[in-house]
Amino acid sequence: MTTTSLTSSRGAGRAGDKVFSGAALTAGCLILAVLFGVALFLVIQAIPAFTAPAADIQGGEGFFAYIWPIVIGTLIAAIIALAIATPVSIGVALFISHFAPRGLASGLGYVIDLLAAIPSVVYGAWGAAFLAPQISPAYGWLAANMGWLPIFQGPASATGKTILTAGIVLSVMVIPIITSLSREIFLQTPKLHEEAALALGATRWEMIKMSVLPFARPGIISAVMLGLGRALGETMAVALVLSSGALTASLIQSGNQTIAAEIALNFPEASGLKVSTLIAAGLVLFVITLAVNMIARWIISRHKEFSGAN
Amino acid sequence: MTSTLTPVRKRSALTKGQLPKYAPYVVLGVALVLGAAILALIGFNAFGWGVVSAILFAAGLVGWSAAVEGSRKAKDKLATCLVVGAFLVALLPLISVIWTVMVNGIPGLLNPGFLGTSMNGVTGVFDNRAAEGTGPVIGGIYHALIGTLQITLLATVISVPVGLLTAIYLVEYGNDRPLARAITFFVDVMTGIPSIVAGLFAAAFFFAVVGPGTKTGAVAAVALSVLMIPVVVRSSEEMLKIVPNELREAAYALGVRKWRTILKVVIPTAISGIASGVTLAIARVIGETAPILVTAGFATSINNNVFGGWMASLPTFIYTQILNPTSPSNPDPSSQRAWGAALVLIILVMLLNLGARLIARVFAPKTGRR
């Protein structure tokens, strides 16, 4: 007896195993390399903006004087979007998971997913051509009656192309994200908790308040954070809808600008140091969204350990 | 002798303190009539009628319920009204967007040669003539369609193998090793990259490697791949995970190699889910504007070469036609073309979404012989 045929491995099979697992590993590492590359190349191309003399940067006062108004603008737009989208999305998710007839629920979920399927540039065009003219009378009313609040200070923009309109369009784009994530979490609520609440005589709303919402709270928070990540980075809605300008407190005048829109509007014609400045702005946006997303993922992963049927 | 007792009909104790079944319909009718009356006083429009009636309906139903059923049931009714209202509010923009695109897009789409010609040589002179009514609206989206299809195809060719192989590594080889966990984490991070940053990355990469100002379709395809890969990885990973382990073990027991098991058993079982995930990923990136804007530039003529020269695409076509009309004094022909292109883009995305559902249904693995 020489070596048994069971332990000797030859032929194409073994090589195939090696090649295949190698390819799979390479693909995985490639993703890590790409992400590393994103950070590296952005930093390399952005360095001139940080080292250049302050007078050469747009605005003439250095990079940070240039970036901070548009960072604030980005945050304002995102906060408006979330302030509108969060209650609406939670309502829609509750409607689909606990109120709609069982047969309709999945179809309704698909309808909300259609909102996510519409390309952002179409939302931008809709916001500029339809929403802004329709909503500008409301801004006039706000300026006349609530003008004592700094955020509604007049004179209102006649075209309606303001940061508030941009925020509303952004909220429409964020709603499907928050809705689909919260719906998943509402459906995971332990059935026994719900049935126990109902058996004790709770109405449907009391059942939701006592068993569904406490269970889903971390999930809702992380869904909102992911929506925030999307709202911060969204470009077209703002670029097409907002007639941009300097940072202003009033939401119903033209003015303000976001990082993403600033890049989209200026990058195609930019050259030299301007390219570096815009790439540096992109780097700032990347860092902000990265932080927001990582916090959201951290909340989800912390939640994972005690979710499920317990 | 027998005295017939006339039964006294009274409400059962169980249904006492409840609103009758027809209550919502009555309140709805009253609210609609009242809403119309109020709106008639201040100028009628359909949107205002809907809003006022909805508020009246909620107030009426909750008030009635509070009077008859008590505060707990009334709160329940209020919550139901708010939740249904939130759903209707979310539907408004969807209906409005689709309606606006249809109304504005169909005239653009019906222009002769809209799908078959490019914008090469179309200048403001022609648009001014069209706006005065002395000439047709000419020019079309052929170059943008070509660009979109080529860029998306190249992005798919890059992302699907990388994404699928990564998913295979995570599910079949990863075993929760540190590397696998790192990849999962960073794929999650990649999902959150803003699309414009992905575009900037591709631009910065090619500026550094090829030369400053490099803008071609291939750069845009790389940018789109950065957005597409995480989507493909996540959906394929989910699909590979739900392949039953018994199938793998049966194959191993027959002495089949691991790679043959994956190729011949695992992937065919999961192929419907993978294919529909890839289709959804394509639908997600085909409408991306910002990354193409900073990587492929604008073109008005047909460019069939992904690797050289500026390239147009449907989203950037819409964007430029709206922001920089061909004839600044008469933007109407340009916006007509933009809406036509938007309609084509939405139809493409909807078809891809439908296709994904169809693939998932048609190629789903057969379950037993029932």
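No lab work stands behind these numbers, since they all come straight from the coordinates. Note that this is a predicted model, so its numbers are computed, not measured. Cβ sites come from the backbone with ideal geometry, for glycine too, and all protein chains shown count toward neighbours.
Can you list the aspartates and glutamates whose alpha carbon is less than 14 Å from that of A:Lys209, not counting same-chain residues fewer than 8 positions off?
In chain and number order, the partners are A:Glu194, A:Glu195, B:Asp76.
For the stretch B:22-110, what number results from the quotient of the Cα radius of gyration and 2.2 N^0.38 Å?
Numbers: Rg = 17.0 Å, N = 89, 2.2 N^0.38 = 12.1 Å.
In units of the 2.2 N^0.38 Å rule of thumb, it is 1.40.
Per residue of the stretch A:274-282, what does 6.51 cos²θ - 1.76 cosθ + 1.60 with θ = phi - 60° give for ³J(HN,Hα)? Whole Hz please, x for Gly and Pro, Karplus curve as stated.
4, 4, 4, 4, 5, 5, 5, 4, x
Nothing charged except the Cβ atoms of Lys and Arg (+1) and of Asp and Glu (-1): what's the magnitude of the dipole of chain B about its Cα centre? Round to the nearest 20 debye.
On the way: 27 positive and 13 negative charges, 367 e Å.
Charge dipole, chain B, about its Cα centre: 1760 debye, nearest 20.
Mind giving me the FRET efficiency for B:Asp176 and A:Ser271? R0 is 41 Å, r the Cβ-Cβ distance, nearest 0.05 is fine. Spell out each step's value before the answer.
Numbers: r = 48 Å, r/R0 = 1.18.
Efficiency, rounded to the nearest 0.05: 0.25.
Taking 7 Å along the Cα-to-C-beta vector as the label spot, tell me the B:Lys264-A:Met146 distance in nanometres, rounded to one decimal.
6.8 nm
Going by how many other Cβ atoms sit within 10 Å of their own, how do B:Trp339, B:Trp259, B:Trp64 line up, fewest first?
Numbers: B:Trp339 27, B:Trp259 21, B:Trp64 17.
Least crowded to most crowded, the residues run B:Trp64, B:Trp259, B:Trp339.
Taking every residue in A:232-243, how many Cβ atoms of other protein chains lie within 10 Å of its Cβ, on average? Kindly include the intermediate steps, with their values, before the conclusion.
Values: counts 2, 8, 4, 12, 10, 0, 0, 6, 5, 0, 0, 0.
Mean inter-chain Cβ contacts per residue within 10 Å come to 4.
Could you line up B:Tyr169, B:Tyr252 from fewest to most neighbouring Cβ atoms inside 10 Å? Show your work: numbers first, answer last.
On the way: B:Tyr169 25, B:Tyr252 13.
Ordered by Cβ neighbours within 10 Å, fewest first: B:Tyr252, B:Tyr169.
Using +1 on the beta carbon of Lys and Arg, -1 on that of Asp and Glu, and nothing else charged, what's the dipole of the stretch B:241-326 about the Cα centre, debye to 20? Can you show the working numbers first?
On the way: 7 positive and 3 negative charges, 92 e Å.
Here the size comes out at about 440 debye.
Got the relative contact order for the stretch A:67-178 handy, in percent, Cα pairs under 8 Å and 6 or more residues apart?
46 percent
Please compute the average number of Cβ atoms from other chains found within 10 Å of each residue's Cβ in peptide A:37-46. Kindly include the intermediate steps, with their values, before the conclusion.
Numbers: counts 5, 11, 1, 4, 10, 6, 1, 4, 8, 2.
Average neighbour count from other chains, rounded to a whole number: 5.
How much FRET efficiency would the formula 1/(1 + (r/R0)^6) give for B:Ser71 and B:Ile42, where r is the Cβ-Cβ distance and R0 is 30 Å, rounded to 0.05? Don't jump to the answer; show the numbers that get you there.
On the way: r = 33 Å, r/R0 = 1.11.
Computed FRET efficiency for B:Ser71 and B:Ile42 comes out at 0.35.
Under the definition of partner shielding as Cβ atoms of other protein chains within 10 Å of a residue Cβ, what is the mean value for peptide B:52-62?
Numbers: counts 0, 0, 0, 0, 0, 0, 0, 0, 0, 0, 0.
Average neighbour count from other chains, rounded to a whole number: 0.
Can you spot the aspartates and glutamates whose alpha carbon is less than 15 Å from B:Lys73's alpha carbon? Ignore those fewer than 8 places along the same chain.
A:Glu206
Once the dipole of the protein assembly as shown is set up with Lys and Arg at +1 and Asp and Glu at -1 on Cβ about the Cα centre, which of A:His193, B:Leu314, A:Gly22 lies farthest towards its positive end?
A:His193
Principal axis extents for the stretch A:52-306, Cα atoms only, whole Å, descending order, please.
That works out to 70, 43, 33 Å along the principal axes.
More than 23 angstrom separation, counting every C-alpha pair in the stretch A:44-123; what % is that?
On the way: 1669 of 3160 pairs.
That fraction is 53 percent.
Picking from A:Ala143, A:Ala246, A:Leu283, whose Cα lies most toward the positive end of the charge dipole for chain A (charges on Cβ: Lys, Arg +1; Asp, Glu -1)?
Farthest towards the positive end: A:Leu283.
Suppose R0 equals 60 Å; then what is the FRET efficiency for A:Ala83 and B:Ala250 from their Cβ-Cβ distance, rounded to the nearest 0.05?
On the way: r = 54 Å, r/R0 = 0.91.
In this case the efficiency is close to 0.65.
As an exercise, take the mean of 1/r over every pair of distinct alpha carbons in the protein assembly as shown, invert it, and state the Kirkwood radius in angstroms.
28.0 Å
What is the magnitude of the charge dipole of the protein assembly as shown about its Cα centre, with +1 placed on the Cβ of each Lys and Arg, -1 on the Cβ of each Asp and Glu, and no other charges, expressed in debye to the nearest 20? Please list the in-between numbers first.
On the way: 42 positive and 25 negative charges, 521 e Å.
It comes to approximately 2500 debye.
Loop by DSSP (not H, G, I, E, B), at most 12 other beta-carbon atoms within 10 Å: where is the longest site-free stretch of chain A for chymotrypsin sites (Phe, Trp or Tyr not before Pro)? Write down the numbers at each step before the final one.
Details: sites that count: A:Trp148, A:Phe306.
It works out to A:149-305.
Got a sec? How would A:Met294, B:Met190 order by Cβ neighbour count within 10 Å, fewest to most?
Working: A:Met294 16, B:Met190 23.
The most exposed by this proxy come first: A:Met294, B:Met190.
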